[in-house]
Structures are given as C-alpha cells and as structure tokens.
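K.L.:
One structure, as structure tokens, below. Some questions next.
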Amino acid sequence: MKSWFKSNKGKLLPFVAVFLLAGALITYYLYTSPFQGTGLTGSQGNQASSSTISTSRNISVEQDNPFDHKKNLNEVHVVNYIHWMSHQKVKAESKWTHYKMTPERIDWLLEKVKEADYKHEEVYVEILTKWQKGDFSTADIDHNRVWSLLNGTVGKATGVMTEEEEKDYLKNPNIKFK
C-alpha cells in the first residue's frame, strides 16, 4: 500500500488540493449566503437557531424591492437585514456582510415586519422605527440585540461610529456592499 501511495503521489496531490478547495468554497458559501435555511449556527452569526427565530412565517415579496429579495421573507431574513445594515453605524471587531442603510430599505423592511407575525416583531419594529426617524444613537445596542438573536459569537458592537468614521466606512474599497 505504501508503495502505491509513493508511486501515485503526483496524481493524488492535485485531487486532494481540488477537494480541499471545493470544501472551503462550499463552507464559505454556506456561512455567507443571506438566504440559506436555518438550524445551523456558525461563528459568523449569519444563521439563526430555529428555536430562537421563526422560519415558518413567510410573507410574499414583490419582485421589485430595495433588497432585491426574490424569495418569501421570513424572520431570519429580517433579522439578517437589520444586522447587516447596522454595520454601517457601529464599531465592531469583525463585520462580514454589508448592506447600505437607506430610507427605502428601512421603510420597506418596517412595512414587511408589520405585515407578518414574527416571534421578535416588537424588537424589529422598535429598531426600524428609531432608524426611520434618523435616531442611530443606540445603533450598537440595536446591533447587539439582533446579533444575539443570531447567536453571535464574534463581532459584538462596541460603540457607534462618528459621522466621519461612517463616511470612511462607506468609502472603503475593500467592503462589498449589497
């Protein structure tokens, strides 16, 4: 058996490398896709525990919306959108997904939350209503509330950015906004 490995090492190495790369890409996709199912919790906190957030209460979504969301909207989508938009306003060691916070997105999401019956609806309405009024003074607390619903372990908000810090964040060429 050892001699077979030695004689076929050159053929086996590329296969193993491709296999590992494919595994890494699949893992990356599963942990960064905004529309994955739930029941999984990752260190990035993009997934929610099915016991924490309802995934069965879907509302239909028109094709034209500010998130370009194509599927039915469930509570996991709502909490993720709030979480990812909050990154624009908060200081945190790590931020993985970035959605620009716009009045259209806030209004649309607030409307959809009010149409549905989500387990943590009051939290979402409270946060989005403050944001709709331009009040971001507690954006770090808002972030951490939804982050904890997502079972977040890395990237806890530590404060609210200044206007200058937010402008720099929005201009950062290394951040891919959605």
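Read the figures in this text as sums done on the coordinates, not as results from a lab. Note that the structure is a prediction, hence the values are computed from the model and not measured. Note: ideal-geometry Cβ built from the backbone for every residue, glycine included; neighbour counts use all protein chains shown.
K.L.:
Can you run phi through the Karplus equation (6.51, -1.76, 1.60; θ = phi - 60°) for segment 106-120 and list ³J(HN,Hα) in whole Hz, with x for Gly and Pro?
P.N.:
4, 4, 4, 5, 4, 4, 5, 5, 5, 6, 9, 10, 9, 4, 10
K.L.:
Residues with beta-carbon under 12 Å from that of Met161, excluding Met161: net charge, scoring Lys, Arg +1 and Asp, Glu -1?
P.N.:
-2
K.L.:
Under 5 Å between amide H atoms, partner at least 5 residues away or on a different chain: which partners does Lys95 have, H built in plane at 1.01 Å?
P.N.:
The answer is none.
K.L.:
List the residues, sorted by chain then number, that are 5 or more residues from Val90 or on another chain and whose placed amide H is less than 5 Å from its amide H.
P.N.:
HN-HN under 5 Å from Val90: Met161.
K.L.:
HN-Hα J couplings of segment 150-159 from phi, Karplus 6.51/-1.76/1.60, θ = phi - 60°, integer Hz, Gly and Pro as x?
P.N.:
8, 6, x, 10, 10, x, 4, 5, 10, x
K.L.:
Quick check on my link table: of Lys71/Lys100; Lys114/Lys167; Lys70/Lys119; Lys119/Lys178; Lys91/Lys176, which ones sit more than 28 Å apart, alpha carbon to alpha carbon?
P.N.:
As for pairs spanning more than 28 Å Cα to Cα, those are Lys114/Lys167.
K.L.:
In addition: Return the long-range amide H neighbours of Ala157 (sequence gap of 5 or more, or a different chain), with a cut-off of under 5 Å between placed amide H atoms.
P.N.:
Asn144
K.L.:
Where does the charge balance sit around Glu93 when Lys and Arg score +1, Asp and Glu -1, over other residues with C-beta under 13 Å from its C-beta? It would help to have the intermediate numbers written out before the result.
P.N.:
Numbers: positive: Lys91, Lys95, Lys156; negative: Asp140.
Here the count lands on +2.
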